[in-house]
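Colleague: Quick one: this structure, given as structure tokens, is what I'll be asking you about.
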Amino acid sequence: MTRTATAVGRKSDLRLVLADVGYEQLAFWRNPFAAAFSVGFSLVFLVLLGVSGAGSGHIAFLGNIRTIVYYVPGFVAYGVMATCFNVLAITVVNRREAGLLKRLRLSPLPPWIFLTGLFLNALIVTLLQVVALLAVGRLAYHVNLPHHLPALFLAVVVGAVAFTAIGVAASTLVPNQDAAGPILSIVFFVLLFLSGLWFPLRSSSALARISAWFPVRHLMAATFAPYDPRPHARAYAWTDLLVLGAWGVAAALVAVRRFRWEPRRH
Amino acid sequence: MGGLSKRYGALRAVRDVSFSVAEGEVFALLGPNGAGKTTTVEILEGFRSRDEGHVDVLGFDPADRATSRQLRERLGIVLQELAVEPFLTVREVLTRTAGFYPDPRPVDEVIELVGLDEKADARVKHLSGGQQRRLDVGLGIVGRPELIFLDEPTTGFDPAARRGAWSLVRSLRGEGSTVVLTTHYMDEAEELADRVAVIAGGRIVAQGDPASLGSRREVHIRFRLPDGVTPDRLPVPAAVDGDRVSIETTDEVAVLHRLTGWALEGGVPLAGLTVERASLEDVYLQLTGPQAPA
């Protein structure tokens, strides 16, 4: 058989990435679990905390800010993690076990385009969610935008990159579809709880010192920093961002080493 | 390809497998479950690495990462598993996949070819198992492949769907595509393939065109040994077991002529005379059974 030139009519890689993000978006918003668990949960939690009165107090040790002001960046962090870690990891496990990853691997689509599409999809969902949370906070609870909006944006993007890597790494540790939801969600919610999503923690407390070992607490610290009213506070939480980056790099290494395209049941 | 081997730890999944497939040919790898069919095909597809041997697919080494995209643009692959994004529609999934290839078939043409016209805008998760499977086949051909791998394309199909799949394979061949399929159905191999390789225990135990495979040219002649006749008085060489005589020959006309001539002349009855050609199924069972040559 002869070799012929093949590169003639193929779409450019950039167009392939854009097309892939488009299909990922369609699949994401049509998947009731994905949309509800990430965007739905974060908005519902914020609204419930607001209407229940849980957000109406003040937190003395955080410069006496209103509790609801603490919750807005907290749920921004939740949104980043739910989308990039939890939903993404479960999606990857489901696709792997259904044989979808194998089929993609056997198509001419280069793996980096698929992985870029996966990440950009998660980033788009995350950013839309952050905008929705900031809007609800502003309109319903008079939570002003942070003075350092770029600092919040940076925290969200660093968080999205790091947690996408952690999500892909976590997907390689989960054996099958049935286990994916329960395992990942339990780990996720325990870490959220320990990291002070619902109950603010003093950084000197035992819980805070435990949860400081995990990336969740650092992302929450980084999204809160631009809102921190205390005089010595810095909008850019460089240390926390650095820890997140380190987690991201470590997770990426695990992901690259352990990633499998074919179902585990084989 | 030649001398292909693949080990999983101590298990040798494929041992010294060699065959070549000509352009425009339908080639079937026939064998029981676990024989090494899928492993072999996955090595050809570049999904699995080989431990030994050389492989040439359309002029490429499928294990070479640098050329895998060029190679895959010219391959069509249909896997055993149903593997399609559940939340996209038939048309979306096909359009997406078509975008990966330099010269894809029009999506509507593919939808028609696999008979999903009425489901074109249905989400994949609302399709029946058979319809998903047909979509899978559609995904395998949307890139206008020169070489198509079909891994057990009709396993689990009802008879009508099987006929449909068969006619699709024939029409692909008619368009000049080369088809490599795996199957454990003998009739499928016989119906579709120009050439068949029978694989068992990771080895190829026979290959050739379905009509001449194994000892299919041989004819079995059987009858009961007539009373008062000792085996050495038979006019042709035969195996005798008790009162059962059996003759295996590829020259059945001459043998029968001598045998029946002798019987008529001597007035000897040939009770229970049967003349049979081995079915592909006999050959297959003989080749892949426990006493198979390994």
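The values are calculated or read from the model by the stated rules, or taken from the named source; none is laboratory data. Nothing here was measured: the structure is a model prediction, and the numbers come from that model. For neighbour counting, all protein chains shown are included, and Cβ atoms are generated from backbone atoms with ideal geometry for every residue, glycine included.
Colleague: When B:Leu192 is evaluated against the numbered criteria (1) buried (at least 23 other Cβ atoms within 10 Å of the Cβ); (2) more than 10 Å from chain A (Cβ to nearest Cβ); (3) modelled with pLDDT of 90 or more; (4) under 18 Å from A:Arg103 (Cα atoms), which criterion, by number, is the only one it fails?
Modeller: (4)
Colleague: Kindly indicate the residue of the range A:92-106 that is within 21 Å of the chain's Cα centre (by Cα) and among the basic types (Lys, Arg) and also nearest to the other protein chains (Cβ to nearest Cβ) among those meeting that condition.
Modeller: Here is the first cut: in the range A:92-106, the residues within 21 Å of the chain's Cα centre (by Cα) are A:92-96.
Adding the requirement that they be among the basic types (Lys, Arg) leaves A:95-96.
Values: A:Arg95: 8, A:Arg96: 10 Å.
Top of the filtered list is A:Arg95.
Colleague: Of all residues in the range A:1-37, how many are at pLDDT 80 or above, facing another protein chain (nearest Cβ under 7 Å) and assigned to a loop (DSSP other than H, G, I, E, B)? Before the answer, list the steps.
Modeller: Step one: filter the range A:1-37 for residues at pLDDT 80 or above, giving A:11-37.
Restricting the remaining residues to those that are facing another protein chain (nearest Cβ under 7 Å) gives A:11, A:16, A:19, A:23, A:26-27, A:30-31.
Checking the rest, the ones that are also assigned to a loop (DSSP other than H, G, I, E, B) come to A:11, A:31.
Of the residues in the range A:1-37, 2 are at pLDDT 80 or above, facing another protein chain (nearest Cβ under 7 Å) and assigned to a loop (DSSP other than H, G, I, E, B).
Colleague: Can B:Arg162 be described as in a helix (DSSP H, G or I), away from chain A (no Cβ under 13 Å) and at pLDDT below 90?
Modeller: On the way: in a helix (DSSP H, G or I): yes; away from chain A (no Cβ under 13 Å): yes; at pLDDT below 90: yes.
Yes.
Colleague: Out of the strands (runs of 3 or more DSSP E) lying entirely within the range B:1-87, which hold 2 or more residues that are modelled with pLDDT under 85, over 15 Å from the mean Cα position of the chain (by Cα) and farther than 25 Å from B:Asp194 by Cβ? Let's see the steps before the verdict.
Modeller: Working: elements: B:2-8, B:11-17, B:26-30, B:52-54, B:75-78.
Result: B:2-8, B:11-17.
Colleague: Give the number of residues within the range A:38-70 that are loosely packed, with under 14 Cβ neighbours inside 10 Å and in a helix (DSSP H, G or I).
Modeller: Selection size over the range A:38-70: 5.
One line per residue, one yes/no per condition, for (1) of a type in the set (D, E, K, R); (2) more than 30 Å from B:Thr274 (Cα to Cα); (3) assigned to a helix (DSSP H, G or I):
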residue: B:Arg134; (1), (2), (3): yes, yes, yes
residue: B:Val137; (1), (2), (3): no, yes, yes
residue: B:Ile148; (1), (2), (3): no, yes, no
residue: B:Thr155; (1), (2), (3): no, yes, no
residue: B:Ser167; (1), (2), (3): no, yes, yes
residue: B:Arg173; (1), (2), (3): yes, yes, yes
residue: B:Gly176; (1), (2), (3): no, yes, no
residue: B:Pro226; (1), (2), (3): no, no, no
residue: B:Val229; (1), (2), (3): no, no, no
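Colleague: Here's a follow-up. Would you pick out the residues in the range A:133-160 that are in contact (Cβ under 8 Å) with a residue 60 or more places away in the chain and under 17 Å from A:Gly248 (Cα atoms)?
Modeller: Within the range A:133-160, A:Leu154, A:Ala155, A:Val156, A:Val158, A:Gly159, A:Ala160 meet the criteria.
Colleague: For the subset of the range B:86-109 comprising residues that are within 12 Å of chain A (Cβ to nearest Cβ) and of a type in the set (Val, Ile, Thr), which member is surrounded by the fewest Cβ atoms within 10 Å (Cβ to Cβ)?
Modeller: My answer is B:Thr95.
Colleague: Could you check the range B:110-126 and list, in sequence order, the residues that are part of a loop (DSSP other than H, G, I, E, B) and away from chain A (no Cβ under 14 Å)? Outline the logic, then answer.
Modeller: Going residue by residue through the range B:110-126, those that are part of a loop (DSSP other than H, G, I, E, B) are B:114-116, B:120-122.
Across the range B:110-126, the qualifying residues are B:Val114, B:Gly115, B:Leu116, B:Ala120.
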